[in-house]
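For reference, the structure is listed below as structure tokens.
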Amino acid sequence: MSSLRNDSIESKSEKQIVLNPSPRERARILRKIDWHLLPLVTVFYLFSYLDRAIIGIYLILLVDHPLRSSSGYAKVGGMATNLHLTGFRYNIAAAVFFIPHGFAEVPSNIALKLLRPSRWIPSIMVAWGIVSTLMCLVRSYQSLVVARVFLGLTEAGLFPGVNYYICLWYPRSERSKRIAIFFSSASVAGAFSGLLAYGIERMEGVGGLHGWQWIFCLEGTATVLVATLSFFFMHDYPETAKFLTESERSYIIDVLKQDSNNLSSRFDTQFVWQAIKDYKTYVLILVHIGYPVLLFISRALSELMIRLLVPGFAISLFTPTIINELGYSAAHAQLLSVPPFAAGCIATIIVGIYSDKHNLRGPYIIGGALVSLVGYILLYCSVRAGPSYVGVCLAATGYYPTIPIIMAWTGSNAGGDLKRGVVLAMVGFSNLGGICSSFIYIDPPRFHLGHGTIMGFLSLAIITSLFAMWDYNRLNKKKEAQCLAENIGDDREYEFEDMGDTSPLFRYTI
């Protein structure tokens, strides 16, 4: 009896500690969640980015066999040779990926809400892994284009899905660093793909396959294996997390409810329509948009925001080619493409940590845009390899940290569970900007068209992010005045549970 009483006292004491935790205890619980969530989703995105961007490394494999396209662009062996990727064929094959990718993200996040994350996310990963594996069988340019379309379709749901998944586990002030950690795998993938390409030359002809066929086969197979294992190791929601104690689970659930002002988390199509009809959704879509946005500048200035997707796709698709054009061999070009991505990885995590620490998003996006802009100015103006290489490093260092900050900003400022998921997915329309990035690097060795286009987007990013910060601050002051005038407090939050971020109790992150 005494033992049972002592256990009861210890249980009550533990519950009290967790429900009213010290900063150290809160950090311990969040770290516990980190270790069970982040490694898996980081590996997911690492494979996703490799599968998506790996096509870019084949342009400069087997440099001893140059080809000249009709435009005078020196493409070199490997895939370009085997599939006759002359003229703009490589650019088209790179671009078609983004069309289904942009339009499939919203249905995918809705499916994620209806189904369990531990079933939906691994399922789409298995699908794109199969597609990637089968890409080793392509024998023509036409079949490559078809395969890229299906790769874009199957891979579309991962990035918005993982961002949505993170929002289901962490309060708004804790998301930026977590998104940064998982997104940093993109820069790791960029570096790893260079090392991978360096080794592919030694697989040429093994088993009667070209090096580029082997990498599709091996990488796609590895993706399917990782996805299959994740069915058994991925956790769905805090409410069902077996690795949390009952008191820890209650604490996290309570924190998330308070953080969301107890806004509705149920599935209802009205929240989908809230996302679609909200003008701020389209402001956030324009966070990532590229060249197509320029067509709408004259009539949509009030909705313009940060355009950073074009620089990102351009970096991942063309960095090895740019370095190769600086005068280095194919193998050395791949190895020299590693440091820019490594710098981007480190900067991503550091900026994510400090963005959460200060609970600010806009200023860090502006800072990243400025660093990247300096890099592109060096690339545009320099005729020597040294300064140009520094420019590549600065461009990657400035670009990579901004995307997780933007996604954290998006998730923080869309109120309500389902609306948040839809808005995070709708920014996927900005993937259509990737089409632009596939066609702007066509004038080597200086690439003035590509660099100049991106410099324009980055300059606009600085201006429009300032506008976004001002607008969110204006809306917050308006809500504070409304709460004061109408005596609205937390005791009335259930009156506004279906209003999403238009609730007078909801505050936007600047």
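Surface composition of region 75-165: carbon plus sulfur atoms hold 76% of the accessible area, using a 1.4 angstrom probe and ignoring ligands, DNA and RNA.
What does the charge count around N109 come to, taking other residues whose C-beta lies under 12 Å from its C-beta (Lys +1, Arg +1, Asp -1, Glu -1)?
On the way: positive: K113, K419, R420; negative: E105, D417.
Value of the local net charge: +1.
Sort L168, L151 from largest to smallest accessible area, using a 1.4 Å probe on the heavy atoms of the protein chains.
L168, L151
Summarising the amide proton neighbourhood of I510: residues at separation of 5 or more, or on other chains, whose placed amide H is nearer than 5 Å comprise R361. Between V146 and R474, the C-beta separation translates, for a Förster distance of 41 Å, into a calculated FRET efficiency of about 0.30. Take T221: with every protein chain present and a 1.4 Å probe, its accessible area is about 60 Å². Note that region 366-510, at 4 °C in a medium of 1.567 mPa s, gets a Stokes-Einstein diffusion coefficient of 72 µm²/s from its Kirkwood radius over C-alpha pairs. Computed from the C-beta positions of C381 and I350 and an R0 of 35 Å, the FRET efficiency is 0.80 to the nearest 0.05. On full extension, the segment bounded by R266 and D443 gains 58.6 nm, given 0.36 nm per residue less the C-alpha separation.
Shown in residue order for region 354-364 are the 3J(HN,Hα) couplings computed by the Karplus curve 6.51 cos²θ - 1.76 cosθ + 1.60 at θ = phi - 60°: 6, 5, 5, 4, 9, 6, 10, 10, x, x, 6 Hz (x for Gly and Pro).
Cross-linked pairs K257/K479; K257/K357; K113/K357; K419/K479; K257/K419: Cα-Cα separations exceed 25 Å for K113/K357.
With the simple model of a label 7 Å out from the Cα in the direction of the Cβ, A27 to D490 spans 2.4 nm.
The values are calculated or read from the model by the stated rules, or taken from the named source; none is laboratory data. This is a predicted model, so every value here is computed, not measured. Here Cβ is always computed from backbone atoms with ideal geometry, including for glycine, and neighbour counts include all displayed protein chains. Ligands, DNA and RNA are excluded from the accessible area calculation, which covers all protein heavy atoms including side chains. Shrake-Rupley method; radii C 1.70, N 1.55, O 1.52, S 1.80 Å.
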